[in-house]
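**Q** After the structure tokens below, expect a handful of questions from me.
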Amino acid sequence: MTEPVAAAVDSLRLVDHHVHGAASGGLDAAGFAAGLSESSWPAPAGTSHLDSQIGFAVRRWCAPVLDLPPHVDVPDYLERRRVLGPAEVTRRFLTASGIGCFLVETGYRADEILGPAEMASAASTPTEPASAEEVVRLESVAEDVAAAGTDASGFAAAFAAALDERARGAVGLKSVIAYRYGLDFDPEPPDPGEVRRAAGQWLRAGGRLTDPVLLRHLLWVGVERGLPLQFHVGYGDTDLTLHRSDPSLMTGFLRRVQDRQVPIMLLHCYPYHRTAAYLAAAFPHVYLDVGLAINYAGSRSAAVVAESLEVAPFAKVLFSSDAWGPPELHHLGALLWRRAMTELLGAWVSSGDWSSADAVRVAAMVGAGNARRVYALGER
């Protein structure tokens, strides 16, 4: 009874609705280990970040893609990567992932990673071409505007014009307000005077954008564009104050924008993925994924995926790898998601709780269909 489910999940051409580019150059041992950790700090002396669920998952599931045995030692793994070279390593992992479309967020260290067109090219085969679209980070656009030169009175207009230009070919927008301030922000849009005063202070001080008034302003300008708006939620690096990234803190904003019919995409979400699932069930415009957590949970990823499917409507859950840097993460995110869905849906079919047809249909929705609908990919 479960064979059709396994076959359907395995054959899906996934849409990775939130992802970053693979590393554009080679990675040494330190760079590779750093790419498999959200910590900004090296591992304690005598230990390794690779002694983790994600490190073990890479050695188990990624080694065979490089023609190595599962669980190969790290030095042998890194040597094989070096011999093959970054382009071949990336090609192997992206094509093995079975991801047919990447929605690439380009606002973070873009000079170190492949852009959307390069991702599509590396993931394509003669029989299975891949595609990629861009997701624009609001804060990066604002910082580019400041770097190009503007004054306080001209900031709002300059940002709006720059966003229009950057978003012209994009399928979505993203905010990292969870990092820069927190999700406990004032849900109301700031008035023009507040924006002008805050812009003046920021432009004089310089640095990255952390002012809560301006961050709120960017959100509302983004809402006006009508594109799906992604929010980093939960698990992330040490720049984050975790308890302020609980998505329930932005409930006021969700209520405030509901009538705008702008899809709000809650990304990653762990350990607040059950909260995000509740919000997706409660609000018609809220969606979620557990992308980043899948890779970092490794052999426990099925438990995280299962929890995300407890109360969320299945039309509100999307697949994401949130991979950045080592292309192992793009492949691993897809592989672990497929393993989790096959295990979970197969068990529900075997128990008689679900029909095989429903399981296949839900897998297709979460793996690709929901993203194609929400981001209007079929219209491009």
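The values are calculated or read from the model by the stated rules, or taken from the named source; none is laboratory data. Because the structure is predicted, anything quoted here is derived from the model rather than measured. Here the Cβ positions follow ideal geometry from the backbone for every residue, glycine too, while neighbour counts run over all protein chains shown.
**Q** Please go through segment 257-273 and pick out each residue that is part of a helix (DSSP H, G or I) and either surrounded by 16 or more Cβ atoms within 10 Å (Cβ to Cβ) or out of contact with any helix residue (DSSP H, G or I) (no Cβ under 9 Å at 6 or more places or on another chain) (or both).
**A** Going residue by residue through segment 257-273, those that are part of a helix (DSSP H, G or I) are 257-260, 273.
Within segment 257-273, Val257, Gln258, Asp259, His273 meet the criteria.
**Q** For segment 10-62, which residues satisfy the criterion of being charged (D, E, K, R) and not in a helix (DSSP H, G or I)?
**A** Step one: of segment 10-62, the residues charged (D, E, K, R) are 10, 13, 16, 28, 38, 51, 59-60.
Across segment 10-62, the qualifying residues are Arg13, Asp16, Asp28, Glu38, Asp51.
**Q** What is the residue count in segment 142-168 for residues that are of a type in the set (A, V, I, L, M, F, W, C), crowded, with 16+ Cβ neighbours inside 10 Å and free of Cβ contacts under 8 Å to residues at least 40 places away in the same chain?
**A** Number satisfying all stated conditions: 3.
**Q** For a quick check of your reading: which helices (runs of 4 or more DSSP H) sit entirely within segment 100-198 and have at least 3 residues that are more than 15 Å from the chain's Cα centre (by Cα), under 25 Å from Gln261 (Cβ atoms) and not basic (Lys, Arg)?
**A** On the way: elements: 116-123, 138-148, 152-167, 177-180.
Where helices (runs of 4 or more DSSP H) fall fully within segment 100-198 and carry at least 3 residues being more than 15 Å from the chain's Cα centre (by Cα), under 25 Å from Gln261 (Cβ atoms) and not basic (Lys, Arg), they are 138-148, 152-167.
**Q** Identify all residues within segment 169-188 that are touching a Phe, Trp or Tyr at 6+ places or on another chain (Cβ under 9 Å) and either surrounded by 19 or more Cβ atoms within 10 Å (Cβ to Cβ) or closer than 18 Å to Leu240 by Cβ (or both); write none if there are none.
**A** Listed by number, the residues that qualify are Val171, Gly172, Lys174, Ser175, Val176, Ile177, Ala178, Leu183, Phe185.
**Q** Which members of segment 210-229 meet the condition of being closer than 22 Å to Gly149 by Cβ and either among the basic types (Lys, Arg) or over 21 Å from the mean Cα position of the chain (by Cα) (or both)? First the steps, then the outcome.
**A** From segment 210-229, those closer than 22 Å to Gly149 by Cβ are 210-211, 213-215, 217-218, 221; that's our starting set.
Thr210, Asp211, Val213, Leu214, His217, Val221, listed by residue number.
**Q** Among the candidates Ala160, Ala117, Ala148, Ala152, which residue alone is within 14 Å of Arg216 (Cα to Cα) and modelled with pLDDT of 95 or more? Talk me through it step by step, then tell me what you get.
**A** Values: Ala117 fails: within 14 Å of Arg216 (Cα to Cα); Ala148 fails: within 14 Å of Arg216 (Cα to Cα); Ala152 fails: within 14 Å of Arg216 (Cα to Cα).
On inspection, the qualifying residue turns out to be Ala160.
**Q** Let me ask you something else. Kindly indicate the residue of segment 78-121 that is out of contact with any strand residue (DSSP E or B) (no Cβ under 8 Å at 6 or more places or on another chain) and of a type in the set (S, T, N, Q) and also farthest from Gly35 (Cα to Cα) among those meeting that condition.
**A** Of the residues in segment 78-121, the ones out of contact with any strand residue (DSSP E or B) (no Cβ under 8 Å at 6 or more places or on another chain) are 78-85, 87-89, 91-92, 95-96, 109-111, 118, 121.
Imposing the further condition that a residue be of a type in the set (S, T, N, Q) reduces the set to 95, 121.
On the way: Thr95: 20, Ser121: 22 Å.
Only one residue tops the list, namely Ser121.
**Q** Specify which of the listed residues (His285, His232) is within 26 Å of Gly333 (Cβ to Cβ), modelled with pLDDT of 95 or more, crowded, with 16+ Cβ neighbours inside 10 Å and in contact with a Leu (Cβ under 6 Å, 6 or more places away or on another chain). Break it down into steps so the answer makes sense when it comes.
**A** Working: His285 fails: in contact with a Leu (Cβ under 6 Å, 6 or more places away or on another chain).
Just a single option satisfies the conditions, and that option is His232.
**Q** Restrict the check to segment 235-242 and report whether at least one residue is in contact (Cβ under 8 Å) with a residue 12 or more places away in the chain, in contact with an Asp or Glu (Cβ under 9 Å, 6 or more places away or on another chain) and small (Gly, Ala, Ser).
**A** Checked against the condition, which is being in contact (Cβ under 8 Å) with a residue 12 or more places away in the chain, in contact with an Asp or Glu (Cβ under 9 Å, 6 or more places away or on another chain) and small (Gly, Ala, Ser), segment 235-242 yields at least one hit.
**Q** For the condition surrounded by fewer than 16 Cβ atoms within 10 Å (Cβ to Cβ) and in contact with a strand residue (DSSP E or B) (Cβ under 9 Å, 6 or more places away or on another chain), what is the one hit in Ala303, Ala315?
**A** Numbers: Ala303 fails: in contact with a strand residue (DSSP E or B) (Cβ under 9 Å, 6 or more places away or on another chain).
Every option except Ala315 fails the conditions.
**Q** Also: State yes or no: is Ser97 over 10 Å from Gly21 (Cα atoms), surrounded by fewer than 23 Cβ atoms within 10 Å (Cβ to Cβ) and among the small types (Gly, Ala, Ser)? Show your work before the answer.
**A** Numbers: over 10 Å from Gly21 (Cα atoms): yes; surrounded by fewer than 23 Cβ atoms within 10 Å (Cβ to Cβ): no; among the small types (Gly, Ala, Ser): yes.
No.
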